[in-house]
Amino acid sequence: MKEKDPLNVIVTGVGGQGNVLVSQFIGRALVRAGYRVTIGETYGASQRGGAVMSHLRISRQAQYGPLIPSGQADVILGLEPVETLRVLAQYGNPAVTVITNSRPVYPLSVAIGAARYPTVEEIMTVLEELSASAWLINATDVAVEMGAPILANIVMVGALVGAGLLPLGPEEVELEFQESLSGDRLELNLKAFKRGLAEAKARLRRSGSVSG
Amino acid sequence: MSITAYEPGASQLLMGNEAIARGALEAGLGFASAYPGNPSSEIIGSLAEVAREMDIYVEWSVNEKVALEAAAAASFAGVRAIVAMKQNGLNVASDFLMNLNLTGTNAGLVLVICDDPAGLSSTNEQDSRPVAKWAELPLLEPATFQEAKDMTKWAFELSEKIKNVCLIRSVTRVSHARGDVRLAELTPPGRSARFAPTMLGQFTPLLVTLKHNMLHQKVKQTKEAFETSEFNWYTGPEKPELLIVTCGSGWYYSLEAVRTLALEESVGILKLGTTWPLPEKLVLEHLARTDKVLVVEEVDPFLEGNLKELVGDAFSSLGPLTFYGKRSGHLPTIGELDPDRVMSAISTVLGRERTDIDAEYAKKGQDLTQSMVQNRMVGFCAGCPHRATFWSIKNALKLDGRGGFVAGDIGCYTMALGPSGFFQIKTVQSMGSGAGLACGFGNLGRLGFGQPVLAVCGDSTFFHAAIPALINGVYNQANFTLLILDNSATAMTGFQPHAGTGASALGEPAPNVDIEGLCRSLGIRVEVTDPFDLQDTTEKLLDLMQRDGGVRVLISRRKCALVRAKTEKAAYKVRVDSEKCRGEACGCARLCTRVFQCPGLVWDSEHQKAKIDEVICSGCGVCADICPASAIIREA
């Protein structure tokens, strides 16, 4: 578990992926755990395919501003691989940890055949080059398997917590789901969260490393 | 999680706008009104959510001027009221505001203006603060989420003390950011609303100069209250080498910059929450302790100008001072601030290196990623009715062949100025100005003008500001066709209900104002079409355009795709028949993917064919009608 204060986390993705929801869930769980939290959100075009980014500042001592300075991110959670790259280039540093979903959401330029989208291998090479540790999670595949592709964001939250990158245990996040959701939605979200936790745990076992 | 969900004393993660709303509830709010506009919409939105529980009145008004008028009436009748609007909305409300300031108010009336530096969700980045000086009204600028709540609460007290409107200026990075806020007790509103003026002409401009003089007195009273305000504070050394004077979101950036550059021993920060009229004594006291001042504020050098005015008056006692900021070029005069820009300004002023930048990493990051990271153009959603409407507009204008064009307006459809709407919109200014411009274009005939004129506006924009222009067009016999893009929502700002949706701000049934009937009552020829029927829409539009003289209206009616996704099943299962799709050899130059540009219909460069992205496709089936080879199949 990271002790850095403030801990600077960026959640990034494309409008419609549930970026804002992710930052809110995490933020509320952290406030409940007694942290001072600020979330700066850029979502002017959130419903319309634009790049979206939430800056989380997490501290035991003080509230920080809504924008993380360039080069100062500690953790980047990417719901979309190219958005992860975009954010890493501006806010990364040699010590940053990156955890990204593998499934692309094509920009219009790619969808209309005017530009090429890099392969996952190309993206991972750069992510590894620019970070201390880079995690690739097939969150959309897991969510599709569950029958609800929209839950890829919650799978990613599970992976983030499972990787020990937040000062929060799984039960603290689950409590937040229980407070905010109910019925089928709660069940599905909890399931997605646990699948994400398991993805991270499996990876930790494979690499034999211990984080947090 | 509503703004009343937690107990007093608890900390809750609140959006700046929610904190403002919570502050109003703690102050005993009774009445709230607004027209939606980002970044202000969640203030009234979050109050509407708890209106029943708090037993207060909340409305989505038809426009900002009416919102302010309605709230002023509540104030006149002894009820604390709040109005919220974005910077553009202030312009709509300002005619009333510039008279309300003279007549004054009764119960606390707080006007929150949310500015949008860099125009993240706006058509301009206007700095609204000069209105405080213009209207001689107190101006507060919250810097933190806690302050957004506490300042709003206090604003009601100040308003009641001076019997005038109190202004709060927020910005996107306060309004749309979130932070933990410590809650206080909620105060229920009283139940004794009554309009009872205590003197002759109290709420009228009777004796303008007398009222103007009273306004000056209120400014003096405000200044005194500001001198001891808890929203102004200083941190730093006794005699700073550099004094930063800042307000609003500039405060966090300044604090972070000074910390990051490890300059706490030499740089001081005077954070002002009360920015007009300035607390003169407090400000002069701090200015006297330094000879270098950097002003950090969003958009225009408003605070900087007012500080300099003050320094001009106190010149003989202050000694030489050098000011840095927007006027000196140390901070940008366009776009929004961030901690990096403030760090650069401080480093330049003090002649120090920026120690926080890892230049080697930054360059490597840039080099490795730039070829992989494409821009994401925003555009209409998959299944958006606007894309279909603008497709028909494009075709009708082409068939007509007389150089017709579209005057645009404010809403999601503004994006039709770009590729998503085939570049059809040629003008965009303010709410309702498409129809207003059409009145002018449509009366240039005697000056040699021969192009057909189209104007577009959404349903909510129609109610907000297009109706007077429409009546003007009828009266003055302007020659144009107005397309009303009725998607049954204020979609751009978060699907708030409006006069034509049959629901109130609280989600209760409300009278549904009939756009069609209203237009017909003006003697206008009105046609209604479903934009997904491309042929019918094109034909009706062409027919209306080619009629002689006067105002015509085409209502293009289909629910917003995002609303449909929540309430309806997809109409069709859509697929591309790869046998029929001829790819680049088709001869249509890829009308489907290159031109139509629906995010649900993509070009498969591997197979050189079009294909449907099933995760994104909304199943509207419109693309089946644009494929000349009938290769796109829709199945019910």
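Determine the shielding of peptide B:143-154 by partner chains: average, over its residues, the number of Cβ atoms on other chains within 10 angstrom of each Cβ.
That average works out to 1.
What does the charge count around residue B:162 come to, taking other residues whose C-beta lies under 14 Å from its C-beta (Lys +1, Arg +1, Asp -1, Glu -1)?
So the environment of residue B:162 carries a net charge of +2.
Think of the protein assembly as shown as a dipole: +1 on every Lys or Arg Cβ, -1 on every Asp or Glu Cβ, centred on the Cα centre; then among A:133, B:234, B:492, B:492 lies furthest on the positive end. Taking 13 Å as the straight-line reach from the Cα of residue B:611, the aspartates and glutamates in range (excluding those fewer than 8 positions away in the same chain) are B:577, B:579.
Between residue B:363 and residue A:121, the modelled label-to-label distance comes to 3.0 nm, taking each label 7 Å out from Cα in the direction of the beta carbon.
Counting alpha carbon pairs within less than 8 Å and at least 6 residues apart, what relative contact order, in whole percent, applies to chain B? Walk me through the numbers on the way to the answer.
On the way: 1338 pairs, mean separation 67.4, N = 636.
The normalised contact order for chain B reaches 11 percent.
Once the Cα atoms are used to define both axes, helix B:16-26 deviates from the longest principal axis of chain B by about 60 degrees. Per-residue mean of foreign Cβ neighbours for B:356-366 is 4 (Cβ atoms of other chains, 10 Å radius).
Each pair of Cα atoms in the range B:58-198 enters the Kirkwood radius, and Stokes-Einstein at 4 °C and 1.567 mPa s then converts it into a translational diffusion coefficient of 83 µm²/s. Dividing the convex hull volume of the alpha carbon atoms of the protein assembly as shown by its residue count gives 181 Å³ per residue. Put a dot 7 Å past the Cα of residue B:289, heading toward its Cβ, do the same for residue B:625, and the two dots end up 7.1 nm apart. Identify the residues of the range A:83-120 with backbone N under 18 Å of a label point that sits 7 angstrom from the Cα of residue B:613 along the Cα-to-Cβ direction, or state none. The answer is A:83-86, A:101-120. The label point for residue A:191 and the one for residue A:148, both projected 7 Å from the Cα toward the Cβ, are 0.8 nm apart. For the range A:8-206, what is the percent of antiparallel DSSP beta bridges, rounded to the nearest 5? Around 50 percent antiparallel, to the nearest 5.
Entry note, the range B:573-635: relative contact order of 47 percent, from Cα contacts under 8 Å with a spacing of 6+ residues.
Throw me the Rg/Rh for chain A, computed over C-alpha atoms with Kirkwood Rh, two decimals.
Numbers: Rg = 16.0 Å, Rh = 17.1 Å.
Ratio value, two decimals: 0.94.
Could you tell me how many degrees, from 0 to 90 and to the nearest 10, lie between the Cα long axis of helix B:208-227 and the main elongation axis, the longest principal axis, of the Cα atoms of chain B? Orientation of helix B:208-227: about 70 degrees from the principal axis. Give me the base-10 log of I(q)/I(0) for the range A:90-197 at each q in 0.09, 0.14, 0.21, 0.22 Å⁻¹, Debye formula, one uniform scatterer per Cα, rounded to two decimals. The Debye formula, applied to the Cα set alone, gives -0.29, -0.66, -1.12, -1.16. Axis angle, to the nearest 10 degrees, between helix B:64-76 and the longest C-alpha principal axis of chain B: 40 degrees.
Placing unit charges on the Cβ atoms of the charged side chains and taking the dipole of the protein assembly as shown about its Cα centre, the candidate lying farthest along the positive direction among B:389, B:105, B:561 is B:389.
Taking every Cα-Cα distance in the range B:173-256 and sorting them into 5 Å bins starting at zero, the pair-distance distribution P(r) comes out as 3, 8, 9, 12, 12, 14, 15, 11, 9, 5, 2, 0 percent. The packing ranking of peptides B:244-250, B:413-419, highest mean first, is B:244-250, B:413-419, where packing means the average number of other beta carbon atoms within 10 angstrom of each residue. Think of each Lys and Arg Cβ as +1 and each Asp and Glu Cβ as -1; about the Cα centre, that makes the dipole of the protein assembly as shown roughly 1140 debye.
Extent along the principal axes, Cα only, for chain B: 81, 71, 58 Å, with the longest axis given first.
So if we plug the beta-carbon distance of residue B:417 and residue B:590 into 1/(1 + (r/R0)^6) with R0 = 25 Å, what FRET efficiency do we get, rounded to 0.05?
0.65
Taking every C-alpha pair closer than 8 Å and separated by at least 6 residues, the mean separation divided by the residue count of the range B:233-350 gives a relative contact order of 31 percent. Farthest towards the positive end of the charge dipole of chain B, among the residues B:452, B:596, B:470, is the Cα of B:452, using unit charges on the Cβ of Lys, Arg, Asp and Glu.
Test of understanding: what is the full-extension gain from residue B:444 to residue B:220, defined as 0.36 nm times their sequence separation minus their Cα-Cα distance? Walk me through the intermediate numbers first.
Working: separation 224, 0.36 × 224 = 80.64 nm, distance 5.15 nm.
Net length gain for the segment: 75.5 nm.
Highest GNM mean-square fluctuation, chain A, Cα pairs closer than 10 Å: which of A:119, A:84, A:12? Comparing A:119, A:84, A:12 in a Gaussian network model of chain A, the most mobile one is A:119.
Ignoring lysines fewer than eight residues from residue B:220 along the same chain, the ones with Cα atoms less than 16 angstrom from its Cα are B:133, B:161, B:163, B:211, B:281.
Sorting B:512-521, A:169-178, B:105-114 by their mean Cβ neighbour count within 10 Å, with the most densely packed peptide first, gives B:105-114, A:169-178, B:512-521.
If you plug the beta carbon distance of residue A:205 and residue B:513 into 1/(1 + (r/R0)^6) with R0 = 51 Å, you get a FRET efficiency near 0.20.
Going by how many other beta carbons lie within 10 Å of each one, how would you line up A:130, A:160, fewest first? Kindly include the intermediate steps, with their values, before the conclusion.
Working: A:130 22, A:160 26.
In increasing order of surrounding Cβ atoms, one gets A:130, A:160.
If R0 equals 35 Å, the separation of the Cβ atoms of residue B:565 and residue B:605 corresponds to a calculated FRET efficiency of about 0.80. Counting only other chain Cβ atoms within 10 Å of each residue's Cβ, the peptide A:112-118 averages 6.
Read the figures in this text as sums done on the coordinates, not as results from a lab. Keep in mind it's a predicted model, so treat the numbers as computed, not measured. Don't worry about glycine lacking a Cβ; one is built from the backbone with ideal geometry, like all the others, and counts go over all protein chains shown.
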